[in-house]
1. Aliphatic (A, V, I, L, M), over 18 Å from Leu51 (Cα atoms) and open to solvent by less than 70 Å² (accessible area, probe 1.4 Å): does that describe Ala130?
2. Could you figure out which of (1) among the aromatic types (Phe, Trp, Tyr); (2) touching a residue at least 60 places away in the same chain (Cβ under 8 Å); (3) open to solvent by 30 Å² or more (accessible area, probe 1.4 Å) isn't true of Tyr113?
3. When residues of the range 30-71 are filtered for being modelled with pLDDT of 95 or more and either exposed (fewer than 11 other Cβ atoms within 10 Å of the Cβ) or within 17 Å of Tyr140 (Cβ to Cβ) (or both), how many remain?
4. In the set Thr144, Thr123, which member is open to solvent by 80 Å² or more (accessible area, probe 1.4 Å), modelled with pLDDT of 75 or more and part of a loop (DSSP other than H, G, I, E, B)?
5. Of a type outside the set (Phe, Trp, Tyr), under 21 Å from Tyr60 (Cβ atoms) and either under 25 Å from the mean Cα position of the chain (by Cα) or open to solvent by 30 Å² or more (accessible area, probe 1.4 Å) (or both) - does that describe any residue in the range 168-177?
6. Of the numbered conditions (1) modelled with pLDDT under 95; (2) open to solvent by less than 70 Å² (accessible area, probe 1.4 Å); (3) farther than 28 Å from Ser45 by Cβ, Val76 fails exactly one; give the number of that condition.
7. Among Phe96, Phe104, which is of a type in the set (A, V, I, L, M, F, W, C), touching a Gly at 6+ places or on another chain (Cβ under 7 Å) and surrounded by 15 or more Cβ atoms within 10 Å (Cβ to Cβ)?
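The values are calculated or read from the model by the stated rules, or taken from the named source; none is laboratory data. Every value quoted in this text rests on a predicted model; they were computed, and no experiment measured them. Cβ coordinates were reconstructed from backbone atoms using ideal geometry, including for glycine residues, and neighbour counts include every protein chain displayed. What goes into the accessible areas is simple: the full protein's heavy atoms, side chains included, and nothing from ligands, DNA or RNA. Shrake-Rupley method; radii C 1.70, N 1.55, O 1.52, S 1.80 Å.
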Amino acid sequence: MATFEFDNPSGSAYFVIETITTSSFYTGETPKYMEGTWSVDGVKSQAGVTLDMAIPSASYALNGSGSFSINTINFVFTGSSQTNTNDTIYLDVSSFVDTTPSGFATETVTIYYANNSNSPYDTYLSNIGAGQTDSLITFYYGGTDQTYGNTIPYSIDGIGGTFSGGSNYNFGLVTSSFIAGVVVQPGYSIFEFAPNITIPIDTIQYRGTGEYTVTIS
């Protein structure tokens, strides 16, 4: 039990006891049906890279092959059916309906999703998604640690680097649940707070309106 002694020299005022809950969440994961005070620590951004399939398309037209790699898994364009290996997925251009750069991108995304969740490639690709716009394919890391996503290697026709743009900044949320409130009348008054449950002291905050002093014991 807690006792609140008020000394109010002026008109009526109000005093409220609240419990506080804090949590955090990332962009795109906003909790629903929650009200509270929001603080922005930053925005969680996704790590990724965009590759232009016009590059291996031109390479294939010139040399009969072109390639790129995502997280150490190689994707090689060939002119005939080949057997995949533990680190290489072959894309048979002779089976492509459309052999333009945009067609290369379309076929690549289809073949990518047919393999990225299968062993042994799932170890390296299962958390990496792909999206297409014309001849461009954007590969993006879909795991929770976007800073880790910045370390994923890629290459296209031998030139590459790592995914970029990933960060783990988040939003913070403070919510409050009303527990008790009392009108503080002019003069001296006492309010005894005796809840029937245990409330940790570090989850309590007080709010009030008007001008008065309060002593808690």
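1. Taking the combined requirement at face value, the residue does not satisfy it.
2. Of everything listed in (1) among the aromatic types (Phe, Trp, Tyr); (2) touching a residue at least 60 places away in the same chain (Cβ under 8 Å); (3) open to solvent by 30 Å² or more (accessible area, probe 1.4 Å), Tyr113 misses just condition (2).
3. 10
4. Thr144
5. No, the range 168-177 has no match at all.
6. Val76 satisfies every listed condition except (1).
7. Values: Phe104 fails: touching a Gly at 6+ places or on another chain (Cβ under 7 Å).
Of Phe96, Phe104, the one residue that is of a type in the set (A, V, I, L, M, F, W, C), touching a Gly at 6+ places or on another chain (Cβ under 7 Å) and surrounded by 15 or more Cβ atoms within 10 Å (Cβ to Cβ) is Phe96.
Residue-wise test of (1) more than 21 Å from the chain's Cα centre (by Cα); (2) over 20 Å from Ser67 (Cβ atoms); (3) touching a residue at least 60 places away in the same chain (Cβ under 8 Å).
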residue	(1), (2), (3)
Ser95	yes, no, no
Gly143	no, yes, no
Ile152	no, no, yes
Asp157	yes, no, yes
